[in-house]
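Step one of this worksheet: look at the structure below.
Quick note: the coordinates plus some simple rules give every number you see, no bench work behind them. This one's a predicted model, so the numbers in the text were calculated from it and none came from an experiment. With ideal geometry, Cβ positions are generated from the backbone for all residues, glycine too; neighbour counts draw on all protein chains shown.
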Amino acid sequence: MDQHNERVRAKKPAAFAVNTSWWPVVGLFGVAISLGSGHVFARLAFVNGVNVLTAAAARAVGASLLVLLLLRLRKMPVLPLPREFKWTVVLGLFITSQTVLVQTAVLLLPVTLAILVFYLFPILIGLASSALGDERFSARLAITLVAAFSGLALVLGVDVRDVSRWGVVAGIGAAVSFAAALVLTPRLAPGLAAPVRTFYTLIVGAVILSATLLVTQSLQLPQTANGWIGLAGLALCYGVGITGLFLLLTRLGPTQTGVVLNLEPVFVAMIAWLTLGESLGVMQIVGGAIVVATIIAYQTTGHRR
């Protein structure tokens, strides 16, 4: 019955309206916190001997196992592979390319600038959804996206000196890939229940990244107990966050999801301040307040058609 209901909902991707129930939005707040926590755990892993490819593979495998556990608990089979599986491979490739490109941007750019460039994706989602006829790109949505992006610039305190052109290209590529995954998820493989579709999407990335890790012999495990905590925390937080994201996406629509996800960098700054002792200046606090106020205003005023 659950699979039938999901199938009916998934076949209607167009004309998402602002969800009148607050629980999916609250759930997406939790997603942002979980994904943001993953970045902090990743930093702990990196300073204790883990490289980017090992961390990316670990989080992809961890997320896949978490969704597989969810499917087992709900007694939802993943075999035999359905005909729609080929479309979930496309989604998986987008997620995998986003992971690689955003890590490349972090290598070539200051971290704050890399994150800011990547967070062009909510604007790209709004434009793509409008072009596909899912939602109208209204003045209200445009103001919301620009205000949230401006708030993020304050939160991240971006330094644009000595900018790498290829780093910017990688960041934009990551934004395009992630936006494509969120916009296309309700459209591709609509006959699959969301948890099953999410599992196929994630397992594609897990296989690609794990195979790359083995072929290149790039595995670098943590050298300390703190490193293992960081790697395990990254896998768990990313798994919970990305799973929740794709399960809520069909309820909220890609544009509303992208707007709320602007909170993730704000939570990263707050969590790093609380756990790592990193500074949090007045302008960062002001920027965070702008992002939060913008998202609350968007959620509580008007409806999109």
(request) Write down the Å³ per residue value for the convex hull defined by the alpha carbon atoms of region 51-132. (result) 138
(message) To make sure I understand, if each residue's beta carbon is the centre and we count other beta carbons within 10 Å, what order do 202, 154 fall in, fewest to most?
(response) 154, 202
(message) Report the Rg/Rh value for region 196-266, based on alpha-carbon coordinates and the Kirkwood definition of Rh.
(response) 1.06
(request) Assuming R0 = 30 Å, can you tell me the calculated FRET efficiency for the pair residue 23 and residue 139, based on Cβ-Cβ distance, to the nearest 0.05? (result) 0.60
(message) Taking 0.36 nm per residue of sequence separation and subtracting the Cα-Cα distance, how much length would be gained by fully extending the chain between residue 75 and residue 286, in nm to one decimal?
(response) 71.3 nm
(request) Using only the C-alpha atoms of region 159-243, find the volume of their convex hull and express it per residue in Å³. (result) 167
(message) Please list, in order, the residues from region 193-226 whose amide nitrogen is less than 18 Å from a point placed 7 Å along the Cα→Cβ vector of residue 90.
(response) 193-194, 197-205
